[in-house]
Amino acid sequence: MKKALSIVLALALAMSLGLAFTARASVNTVTIKIPVYDRGFEGWNVTDNYYTQWIQKEFGDPNGVNVQFVAITRSAEVQDYTQMLAAGNAPDIVFHYDMPQAVAYQAEGALQPLDLEEFKQYAPTYYDKTIGMVEQYGELDGETYFIFATRPTAYNYLTLIRLDWVEQVGKTLPTSLKELDELALAWREAGLGYLNHQLVKDNFTYSYPFRTWPNDDREHALYSELGVADFTWGPSRDYLKELNYQYNAGIIDPEFYLNADTNEALADFVSGRAGTYSLYLAASSPVISSLLANFPEAKLATLNPAAGYVNPEQAMERGYWPFGMIMGINGKTDETTRVAVWKYLEWMLRGDNLFKLENGVEGENYTLDADGLAVAAPDFSGPSLLSANKNKDYWCLWEESATYPTDELQQKANLLNWAPAGYEQLIIDSKAYFDALTPYRAPDALFTTAVTTVAEYKADLNALWQELYVKCAMAAPEDFDKVYEESAKAFLEAGYQEILDQKAELYDAGKVK
Amino acid sequence: MTLRTDTNGGLARRDLRRPGWGKTLRNDWELYLLLLPPMLFALLFKYGSYAGLVVAFKDYKILKGFFASKWVGFAQFEKVFATRDFARAVRNTLLLNGLDLILGFPAPIMLALLLNEVRGRAFKRVTQTLLYLPHFLSWVIIGAIAYQLFSLSGIVNTVITNAGGAAVPFLQENNHWLASYLMIGVWQNMGWGTIVYLAAITGVNPELYEAALTDGATRLRRMWHVTLPGIRPTIVTLLIMNLGRVMGGSFERVYALMNVATTEYTYTIPVLVYRWGLESGRYSQATALGLFQSVIGLLLVLGSDFAAKRFGEEGLL
């Protein structure tokens, strides 16, 4: 018995040691590592599914390329990338949606300069369609580091509002901040619910409705930073003052600071605690069906963005840069691998590949209508099921939303993609609001060299912002000014002053686009 | 390695001719084999990572690597000590862990004494198992449940308000948060902590109890004069080990229970290390802070060990 136990133990140990030395199966092909966001979709394996296998079969095998997908946690992507870059096993494409972070990767030495001739040679279609953006935005310190996916106009980010509540209190849909506050007060009186307020963190666009148009270019360049709050700027102060009013008036959730992610805001909305909810609406969004399951009488409308503005005639909107995903090539990637990456990007645009990646298999995932648009089959659940955001995290290397040849077709397709059946009006209204605000939209300033202080202080300021803004919002109205002044001082001291100084220096030196 | 001989003589004297390495290995090779994986683990993950401390003295850029990064001496430490959050983090770390020690350390001892007096075997077993249970819940789960139960519109407050009371901001106000944090910690650790003490109690000589009983000692007296002195070495050892953690403490516990409205006590050293090291990639400063914390922790252990010896206890080292 003892002997037997010894043998088992010895074997177990030998096996565990042996595992570490298992030789990798040698393959003669080149391996490319393609990043893909992991958004934690239930039941979805981001690195091994019908579509990754299809890509391997259709692109990989014929070209002698082993396509390996690397999951990047969407909510911790910089952390993931940084660790993989340090360990030397980062994907061959280093991507990010926001320019300052992409520039930060370059500043750390994670990227290699690109040879545009090589890019043109192996990915001619991709090159032709994006070279304008690459030439305009892809250069840093005299070398080209980035290529860009395209960003078609999208207007599916919207705020849903409970129209039945609006009607119940005898009001109309609000078109200014004053009207919105009055409506919310009426809701409170009637015992209905709050305005949703999700904890502001990570992405700071909250002050746009409080900025004025036309904007001051220098101030815009100094204060507009997606990753850092413009806490000490006038529009921020106005925003916080308004939030303080809403909190003290009891028209937002008294525990709004616990709504740290979108799930909590969603739960409040579908459970009837809140009457508004902002999201990227998609045809497959479960929010409406969940709400109707709880409140069959619920009616919904798109909230006019002007309802966030003090003065709708003079407000400013945040614009996007014309590009979608920003991509650099890993500094450690060799020429053979890089060429295979270019080929992969090109392959995506060839034939029906993109269409299949975006829509799935004809006759299973969708049927074609008279215009050639893919109409998704309801409740499809076969092996070729698309991911919950329609495989976007695979085709985002090429475009940010699906495109169609004509405006008319595009609008029709957008409705199919974005509007849950029977709720087309939500998207139609959203487009109208979006178009109306187009003249007041400007993207963030683009510095042509890394603003290093942003990367250094971003996380500290993000944490401090949450603490201070919640404090400002929850202060008694008469104490607001004092609390704000103290908070602004603390914010500046925690590194914001250094960011502002560096940006001012760069701006004055003309290092900005 | 040399084997320590028993200075009291006795058995050890007969064994003066110590067996050689080879023979020991041959005799008990299964035991050494069993020891190997944990030893490898400790060497690799506890000592292997010591080399990484070098980044505290460098301006470490991960893509340059350990060797190519520039030496900066103590500049990173100076930077850390100058930050706005540092003083607050040190204060909070000491405060949270100090209070935790005061409240959390005696709790398992008292509970063990009580459990030891329970006579119903079935009741005792069930109680013990239930008391161990929270130890196996991760802090993330506990944090989520705590916010479900103790939010202003949660079950507990609903009960309170329906009974005519005012809602208590258990986790929504700084001082309440601190109290809740401590209580939840005691609840989570108390049961598990009893195991060592219960084991120690079984080692107390039963004759002492019999003698005390003959002298007419009550249950309380026996607990006080027999059980407690019997487990005193265990208590001292654990106290020394716990003192070493006063400077560290659990990252997960604070992180899972914190919220942005009650940050007065939640800026602690582990939270800062996480934010600097993992969120901002300021590895050098995070390492410097971590090293500072460890050195203080080590001094606390050595100091308390020294103090324990002065008071006539055996100490740890």
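The values are calculated or read from the model by the stated rules, or taken from the named source; none is laboratory data. What you see is a predicted model, and the numbers here were worked out from it, not measured in a lab. Note that each Cβ is placed from the backbone with ideal geometry, even for glycine, and that neighbours are counted across all protein chains shown. Accessible surface areas use protein heavy atoms only, side chains included; no ligands, DNA or RNA. Shrake-Rupley method; radii C 1.70, N 1.55, O 1.52, S 1.80 Å.
What to note about this one:
- Taking segment A:333-455 and dividing mean pair separation by its residue count, relative contact order in percent (alpha carbons under 8 Å, at least six apart): 16 percent
- Segments A:93-102, A:446-455 sorted - mean Cβ within 10 Å per residue, highest first: A:93-102, A:446-455
- Residues along segment A:88-137 losing 30 Å² or more of accessible surface when the other protein chains are present rather than the chain by itself (probe 1.4 Å): A:108
- Prolate/oblate/rounded call for segment B:74-310, Cα gyration tensor, a/c under 1.5 rounded: oblate
- Average Cα contact separation per residue, chain B, under 8 Å, 6 or more apart, as relative contact order %: 24 percent
- Point-to-point label distance, residue B:45-residue B:317, nm (Cα→Cβ direction, 7 Å offset): 2.6 nm
- When you count the other C-beta atoms within 10 angstrom of each residue and take the mean per peptide, A:457-467, B:135-145 line up highest first as A:457-467, B:135-145.
- Solvent-accessible surface of segment A:275-376, taken per residue with a 1.4 Å probe and all protein chains present: 42 Å².
- Put simply, the amide H of residue A:30, placed in the peptide plane, has neighbours under 5 Å in A:66, leaving out anything fewer than 5 places away on its chain.
- The largest-to-smallest principal axis extents of the Cα set in the protein assembly as shown are 98, 74, 58 Å.
- Going from the isolated chain to the complete set of protein chains, segment A:257-281 loses at least 40 Å² of heavy-atom accessible area (1.4 Å probe) at A:257, A:258.
- Total charge dipole magnitude, chain B, about the Cα centre, Cβ charges on Lys, Arg, Asp, Glu only, Debye to nearest 20: 720 debye
- Put a dot 7 Å past the Cα of residue A:293, heading toward its Cβ, do the same for residue A:479, and the two dots end up 4.2 nm apart.
- Applied to segment A:361-375, the Karplus parametrisation 6.51 cos²θ - 1.76 cosθ + 1.60 on θ = phi - 60° returns per-residue 3J(HN,Hα) values of 9, 5, x, 10, 6, 8, 10, 7, 9, 4, 8, x, 8, 7, 9 Hz, with x for Gly and Pro.
- Computed [θ] at 222 nm, deg cm²/dmol, chain A (DSSP H ≥ 4; -39,500 (n - 2.57); rounded to nearest 500): -13500 deg cm²/dmol
- Here segment B:17-56 exposes an accessible surface that is 70 percent carbon and sulfur, computed with a 1.4 Å probe and the other protein chains kept in place.
- Electrostatic tally near residue A:94: other residues with Cβ closer than 12 Å to its Cβ, Lys and Arg +1, Asp and Glu -1, net -2.
- Close amide-amide hydrogen proximity is noted between residue A:325 and A:149, each under 5 Å apart and 5 or more residues distant or on a separate chain (H modeled in the peptide plane; Pro and chain starts excluded).
- Converting phi to 3J(HN,Hα) with the Karplus coefficients 6.51, -1.76 and 1.60 and the offset θ = phi - 60°, segment B:109-121 yields 5, 5, 5, 5, 4, 5, 4, 5, 8, 5, 9, x, 4 Hz in sequence order, with x at every glycine or proline.
- The fraction of accessible area contributed by carbon and sulfur in segment B:74-310 is 69 percent, rounded to a whole number (1.4 Å probe; ligands and nucleic acids excluded).
- Most positive-pole-ward Cα, A:376, A:49, A:409, against dipole of the protein assembly as shown from beta carbon charges: A:49
- Association of chains B and A removes close to 2600 square angstrom of accessible area from solvent, both sides included, for a probe radius of 1.4 Å.
- Per-residue mean of foreign Cβ neighbours for A:68-80 is 1 (Cβ atoms of other chains, 10 Å radius).
- Amide H to amide H, with H built 1.01 Å from N, residue A:399 comes under 5 Å of A:150, counting only residues 5 or more places away or on other chains.
- Label-to-label distance, residue B:207 versus residue A:203, with points set 7 angstrom from Cα along the beta-carbon direction: 7.6 nm.
- Between 0 and 90 degrees, the angle of helix A:452-474 with respect to the longest Cα principal axis of chain A falls at about 40 degrees.
- Think of the protein assembly as shown as having a plus end and a minus end, set by charges on the Cβ of Lys, Arg, Asp and Glu; of B:162, B:45, A:292, B:45 sits farthest toward the positive end of this dipole.
- Unit charges at the beta carbon, dipole of segment B:275-316: most positive-side option, B:277, B:303, B:316: B:277
- Label reach from residue A:336 (point 7 Å along Cα→C-beta): in segment A:55-86, amide nitrogens under 17 Å belong to A:60-68.
- Mean accessible surface per residue for chain B, computed with a 1.4 Å probe while every protein chain stays in place, in Å²: 60 Å²
- Dipole in debye (nearest 20) - the protein assembly as shown, about Cα centre, beta carbon charges: Lys, Arg +1; Asp, Glu -1: 4800 debye
- Positions from segment A:466-497 whose accessible area shrinks by 50 Å² or more when the full protein complex is built, not the chain alone, probe 1.4 Å: A:467
- Charge dipole (debye, nearest 20) of segment A:344-488; +1 at Cβ of Lys and Arg, -1 at Cβ of Asp and Glu: 240 debye
- By average C-beta atoms within 10 angstrom, highest first, the peptides A:157-167, A:378-388, A:433-443: A:157-167, A:433-443, A:378-388
- Ligands, DNA and RNA left out, the 1.4 Å accessible surface of chain A is 52% carbon and sulfur atoms.
- Relative contact order (percent, whole number), chain A, Cα cutoff 8 Å, 6+ residue spacing: 22 percent
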